[in-house]
Amino acid sequence: MAFQNQVLFAKDSVYVHINVQDTKDKDAHIAGRVFLLNKPEGYFIEWKAEDVLNLETTSEEWDVINYKNDREGDSVSMNAKMDARRKYNISFDILDLKSFKRSAPNHGWAYIIFILKDGTTFPALHFHNGGSKALLKELENFIYIRRSPNDPRLFLVKDHDPEQLSQSINELSLFTDSSGAYVQNFVNDSKHGLSKKFIKSPYTTTLGGFSKVTNFLRDVLMTPENSQNLVRPQSEVAELLQDDIPGMEISQLDEPGFEMITKTKLPPRPTVKRGDPLASPQWNSFFDAEGRISKVDELKDIIFRGGVDPALRSEVWKFLLGFYDWDSCSKKRTDQRKRKVDEYFRMKLQWKTISAEQEKRFTLLKERRGLIDKDVMRTDRTHKFFAGDKNPNLQVLYDILMTYCMYNFDLGYVQGMSDILSPILVVMENEVDAFWCFAGAMERVCHNFEMDQNGMKVQLSQIHKLMQIQDPELCAYLEAHDSGNFYFCFRWILIVFKREFHFHEIQRLWEVIWTDRPCSNFHLIISLAILESEKSTLLENKFGFTEILKHINDISLSIPLEETLRKAEGIFLQLRDYKKLPISLKEILGLLPPAHVPASQSMENSMFMGSTSNSSSSLQQEAGVKVDTPTLMAGGAGSGASSVKGVTRSGSGSDLTKGTVGAACSANVARSIGMSARYGGGARQSNGGGAGGNAGATCGMDDVHKVFT
Amino acid sequence: MSGRSKLLKVVLLGDGGVGKSSLMNRFVSNKFDAQSYHTIGVEFLNKEVTVNGENFTMQIWDTAGQERFKSLRTPFYRGADICMLTFAVNDRKSFENLPMWKREFLYYADIQDGAPFPFIIVGNKCDMPNREISEEMAQSWCSRNANAPYFETSAKDATNVQLAFISAVSRMREMEDQLEVKPVQTNSVDLSKKQKPLNSGCCS
């Protein structure tokens, strides 16, 4: 209280972008102000959300968030929205700063991502009104910053050393207008031994083009040196995983000739272009007179290249996720849907009709109910669709997951499933459709969730194998830092990047992945692409096991999707065209002609390909994976467009809810278990209808509307 | 930051949904997020603390509680200095699972049979009205388990969270001191107490 925090720098209109449905949402950007403060404890960088700021202006205390004692820090009484914003507040001692990334300002506004010594990586601060450069200039008065020779966006903070600071820092002028130029640091660090001197020698600083070689040497030479501020040797943590997870042991000499591999020379990476999302006229043009999709492969190519217009998703996803067969006509789809509605309610009744008495003797079901109950309350609650207490959509999420337990009782409910379901439900806005599409999506990833976790282990080791070829340098670094098990990718793989991207982005990513293009297991290549983008940060900060884990956890929601997809496809093309690509990798990517796949291995492989893919399986694409050029439909040959109208609507709406429940139970039972709401059509499909069912419990459309409006 | 602090590895264990991540976040950044996700995989946070004049960096590991992820969780137990066994006072099952968590930890952390280890027991969500586990029940379990310190916390309203974590460090230091003195001394009573109940079963 006595000490007035001295504000050395302040700038408003600095935003944190959070995970909401789309970027147009006004809640997507939280406005705030960034400060550089001189506090009694040291120099701090802070960012505070604006609402919070206004409310706190009465208090001269800056350190409300971190240093108040328990009771004062009580946030329960504060209103929820403010609380939700406040959680993004940032505050750290600049001596903990390890490095930061600053985007090229010519791409719109600049943003800065601060990375601390322990690997903590804060969300990007977007300077909508400029000021990032000014902040960094101010910062240069207190810490010594140099630009990474390998990644122009990355800046490294040298350990605090007054001597170095006194060297005319301003000469470096990192953040003047000529900031595009590399600024090299030739300062020798006398504190460290021979190896470091070797590294600091002009090899690294001048021969940028040979950085790969020197970096590799550096890794070898410098492996024991990381985590400066922790006294305990990393080795304890380090022993982890390598030998503890059965099936996770990864031999560094796995492939014959480890040394050779470090010299892999992949073909140059081709430039990849992404396309526009599949839009309505184009989509309609694919249907013939019977409402059958005429050129499935071409359609999938378009979806792979640009995704799907959000307005079309609920229909297109039904094909991608096996709700409808790709070769079905509209008549068949009407029947398919009807059957699926019946089937769903039959399964839902199975658990709905288990009495409390029964459940006492049905521990397994009771436990699953408890798990689902807890996780539903913790899934995407910041998203509009699930926000607020007593949001009815939470019940739908719950019901679908419970019904899935009946559908796949052997698997049951495993944490992560609610993450898979949530974006699908948001798109479908309909319980039955969402259930079946979820079941289709699970079909692709159910091995992630199985008891022995073998599916996860296999995939993590496949990333390792791929990286040995794709980026031996990074691979060697990770191995040398106890991360060769790729455990830090666990969340990525388990829920297919669900928590790593913003909500609207994950929908795009998933529809791209669901096309099974350009190869099998493309999600593993996406992992390689993300890691490649983080390579400089990991290597130049000399991150060890814990820092890598933390950094990778923390970059969630700041990974650029389209750039990553371009990069991933580029990596795939390099691997595909690499003459010496080992058979085992061809197999992972589905590049072997079917005949060459040994039976046992093809089974392992197929479990990641997803059974919902078209019968012309990815394996057969070996001969001609046509991904180089976007095969966009020119103008979407309009023929047949009109004939398709109504395809998407047929058999939807209230008619489906009639008769279906009756098929499984009497109207009374159905009512008594509360089945009138939410069941068949969503609000969007309510204009369907017509062919009424013939039995039992009808569901009021009012209820349906209530749920989905 | 001093750069001289000793690293303490703290492992938070307990059933899914008892509030492990919330406890960690409350302790490290004094924040509570009612809309937070359930943890997938493993996360950790560091926190600098000073306890009785000594500086420590507490590295708190938070894992997914579901049985399914056991094989990917247990490797992180090794090298732990402190284990916090957590349950929610409004969730009987989570309390009944404490012995299971304790066993799992001792096994995978590779703690020698009978060796004393600093466990701290935390009953979270004490702000909730529908309590299923009384303080007496919890205390009774603790007394049968090497007299592990017990704290009733609320990550939501911040009750006792700092206290529990800081006490965990004190507890660890006390046990270290006792070990150094060798069990010939007067506190041998304490040690024998600690050794016996390691395998004692669950309450009821």
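The values are calculated or read from the model by the stated rules, or taken from the named source; none is laboratory data. What you see is a predicted model; the values in this text were computed from it and never measured. Every residue, glycine among them, receives a Cβ derived from its backbone with ideal geometry; neighbour counts consider all protein chains shown.
If the condition is being among the polar types (S, T, N, Q) and more than 14 Å from chain B (Cβ to nearest Cβ), then the range A:421-452 contributes only A:N430. Considering only residues in the range A:478-495 that are crowded, with 24+ Cβ neighbours inside 10 Å and not in a helix (DSSP H, G or I), the one that is nearest to the chain's Cα centre (by Cα) turns out to be A:F486.
Does A:K374 meet the test of being of a type in the set (K, R) and farther than 19 Å from B:F69 by Cβ? For A:K374, the condition - of a type in the set (K, R) and farther than 19 Å from B:F69 by Cβ - is not met.
Name the residue that is nearest to A:I420 (Cα to Cα), counting only residues in the range A:535-552 that are within 14 Å of chain B (Cβ to nearest Cβ) and in a helix (DSSP H, G or I). Once the filter is applied, the top-ranked residue is A:I552. For the range A:496-534, what are the residues that are polar (S, T, N, Q), within 17 Å of A:Q459 (Cβ to Cβ) and not in a loop (DSSP other than H, G, I, E, B)? Passing the criteria: only A:S527. Would a scan of the range A:94-107 turn up a residue that is modelled with pLDDT of 80 or more, of a type in the set (V, I, T) and buried (at least 20 other Cβ atoms within 10 Å of the Cβ)? No; the residues of the range A:94-107 include none that is modelled with pLDDT of 80 or more, of a type in the set (V, I, T) and buried (at least 20 other Cβ atoms within 10 Å of the Cβ). When A:Y578 is tested against (1) within 14 Å of another protein chain (Cβ to nearest Cβ); (2) under 29 Å from A:P270 (Cα atoms); (3) at pLDDT 95 or above, only condition (1) is not met. Within the range A:370-394, take every residue that is farther than 20 Å from A:F503 by Cβ and assigned to a helix (DSSP H, G or I) and give me the one that is nearest to the other protein chains (Cβ to nearest Cβ). Checked the range A:370-394; the qualifying residue nearest to the other protein chains (Cβ to nearest Cβ) is A:K374. Only a single criterion out of (1) in a helix (DSSP H, G or I); (2) surrounded by 23 or more Cβ atoms within 10 Å (Cβ to Cβ); (3) within 14 Å of another protein chain (Cβ to nearest Cβ) is not satisfied by A:G455, namely (2). Just one of the listed residues (B:G14, B:G3, B:G41, B:G19) is modelled with pLDDT under 95 and crowded, with 18+ Cβ neighbours inside 10 Å, namely B:G41.
Within the range B:153-164, the set of residues being buried (at least 20 other Cβ atoms within 10 Å of the Cβ) and either away from every other protein chain (no Cβ under 11 Å) or aliphatic (A, V, I, L, M) (or both) comprises B:A155, B:A158, B:V161, B:A164. A:S558 - would you say it is over 28 Å from B:Q66 (Cβ atoms) and either free of Cβ contacts under 8 Å to residues at least 60 places away in the same chain or touching a strand residue (DSSP E or B) at 6+ places or on another chain (Cβ under 7 Å) (or both)? It is false that A:S558 is over 28 Å from B:Q66 (Cβ atoms) and either free of Cβ contacts under 8 Å to residues at least 60 places away in the same chain or touching a strand residue (DSSP E or B) at 6+ places or on another chain (Cβ under 7 Å) (or both). Checking every residue in the range A:345-364 against the condition of being exposed (fewer than 15 other Cβ atoms within 10 Å of the Cβ), assigned to a loop (DSSP other than H, G, I, E, B), in contact with a strand residue (DSSP E or B) (Cβ under 8 Å, 6 or more places away or on another chain) and not assigned by TED's automatic domain parsing to the domain that holds A:R499 gives zero matches.
Scanning the range A:139-156 for residues that are without any contact (Cβ under 8 Å) to a residue 60 or more places away in the chain, under 28 Å from the mean Cα position of the chain (by Cα) and in a loop (DSSP other than H, G, I, E, B) returns A:P152, A:R153.
When A:D325 is tested against (1) in contact (Cβ under 8 Å) with a residue 60 or more places away in the chain; (2) out of contact with any strand residue (DSSP E or B) (no Cβ under 7 Å at 6 or more places or on another chain); (3) of a type outside the set (G, A, S), just one condition goes unmet, and that condition is (1).
Of the helices (runs of 4 or more DSSP H) that lie entirely inside the range A:240-330, those containing 2 or more residues that are modelled with pLDDT of 95 or more and outside the structural domain of A:R576 (by TED's automatic domain parsing) span A:280-285, A:296-306, A:313-320.
In the range A:428-441, of all residues being among the aliphatic types (A, V, I, L, M) and buried (at least 24 other Cβ atoms within 10 Å of the Cβ), the one that is nearest to the chain's Cα centre (by Cα) corresponds to A:A441.
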